[in-house]
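Written below as structure tokens is the structure these notes are about.
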Amino acid sequence: MKGKRFIEGAPRGEPALLGEKKSGLAAKVLTGIFGVLVVLLAFLLIFEATVLSHCYLVNVEGDSMLNTLYGGEEVDGRYVGGDVLYADRDLEAKRGDIVIVDAAGYKDFPKSGPYLIVKRLVAVAGDRIYCEDGVVYLGVGGEEPEVLEESYVRGENDIEFDYTLGEGEIFCMGDNRFVSKDSRSVGPFREEDILGVVPAWSVTFKGPITVWENFRLGVASAVNGLVDWIKELF
């Protein structure tokens, strides 16, 4: 048959056209890849419309929250590879919560911002908190101060302080007391400086969340690249 190419050894009467087989296979592969990307994109849109509608991503940088949170390794002056968390902007912060605070304008922090830090909320308005001989004491709402149980702390408190918090004031510290720059030296922050609360489940599943978010961002980048490629074709 003129114009047709047969595979050697193919049974008579069953011609196999190489060009047609290759093009058909390529079309199936491209269709499959496109289908997977569309499904992933749809899933990402649903995810962003639900979880990320009231949460935002937090990339932990530095060692101030060790061992609770990993802040990555320092490369060229920046920390990379740290934990990724979700912070809920609608949750009410309570004592013991990990919070995101805008520290811009406070002592030893940049004057302009926002400048976000990840710390633990330890005391709120009406509380007295102080440190004596490396031991932190907390008096809740004017009650007699007691030793603050802090199973999450790494290192000892090496800064003496004594604060009674006024209206709208909060006291935050990093879990790694050796390196954290926080309310011990800066003084109390303001309640309105809290931009989000890290839910307990976000801390518990920080490993899977970090893997997922890195994957999600990679998929989003791939989808954007595919869209740009299709635009170029047309």
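Scanning the range 178-221 for residues that are among the aliphatic types (A, V, I, L, M), more than 22 Å from Asn67 (Cβ to Cβ) and assigned to a helix (DSSP H, G or I) gives Val186, Leu217, Val219, Ala220. Of the residues making up the range 63-77, those that are touching a Gly at 6+ places or on another chain (Cβ under 7 Å) and farther than 13 Å from Ile117 by Cα are Tyr70, Gly72, Glu73.
Scanning the range 186-234 for residues that are of a type in the set (D, E, K, R), surrounded by 12 or more Cβ atoms within 10 Å (Cβ to Cβ) and over 12 Å from the mean Cα position of the chain (by Cα) yields Arg190, Glu191, Asp193, Arg216.
Looking only at the range 164-172, decide whether some residue is in contact with a Cys (Cβ under 7 Å, 6 or more places away or on another chain), within 23 Å of Arg89 (Cα to Cα) and aliphatic (A, V, I, L, M). No, the range 164-172 contains no residue that is in contact with a Cys (Cβ under 7 Å, 6 or more places away or on another chain), within 23 Å of Arg89 (Cα to Cα) and aliphatic (A, V, I, L, M). Residue under question is Ile170, and the condition is that it be farther than 18 Å from Gly62 by Cα, surrounded by 15 or more Cβ atoms within 10 Å (Cβ to Cβ) and at pLDDT 95 or above; does it hold? Yes; evaluated as a whole, the condition is true for this residue. Considering only residues in the range 83-118 that are part of a loop (DSSP other than H, G, I, E, B) and among the hydroxyl-bearing types (Ser, Thr, Tyr), the one that is nearest to Met65 (Cα to Cα) turns out to be Tyr115.
The set of residues in the range 96-108 being surrounded by 15 or more Cβ atoms within 10 Å (Cβ to Cβ) and touching a residue at least 40 places away in the same chain (Cβ under 8 Å) consists of Asp97, Ile98, Val99, Ile100, Val101, Asp102, Ala103, Tyr106. Taken over the range 140-159, the criterion of being surrounded by fewer than 17 Cβ atoms within 10 Å (Cβ to Cβ) and in a strand (DSSP E or B) is satisfied by Glu146, Val147.
Being outside any loop (DSSP other than H, G, I, E, B) and either assigned by TED's automatic domain parsing to the domain that holds Asp108 or under 27 Å from Gly81 (Cβ atoms) (or both) is not true of Val227. In the range 145-161, of all residues being among the acidic types (Asp, Glu) and farther than 12 Å from Asp133 by Cα, the one that is modelled with the highest pLDDT corresponds to Glu146.
Using the structure shown, decide if Glu132 is exposed (fewer than 15 other Cβ atoms within 10 Å of the Cβ), in contact (Cβ under 8 Å) with a residue 24 or more places away in the chain and touching a Cys at 6+ places or on another chain (Cβ under 7 Å). No; evaluated as a whole, the condition is false for this residue. Scanning the range 53-72 for residues that are surrounded by fewer than 17 Cβ atoms within 10 Å (Cβ to Cβ) and over 15 Å from Thr210 (Cα atoms) yields Ser53, His54, Asn67.
Only residues that are in a loop (DSSP other than H, G, I, E, B) and crowded, with 16+ Cβ neighbours inside 10 Å were counted in the range 119-129, giving 2.
The values are calculated or read from the model by the stated rules, or taken from the named source; none is laboratory data. All of these numbers come straight from a predicted model, not from anything done at the bench. Ideal geometry is used to build each Cβ from the backbone, glycine not excepted, and the neighbour counts take in all protein chains shown.
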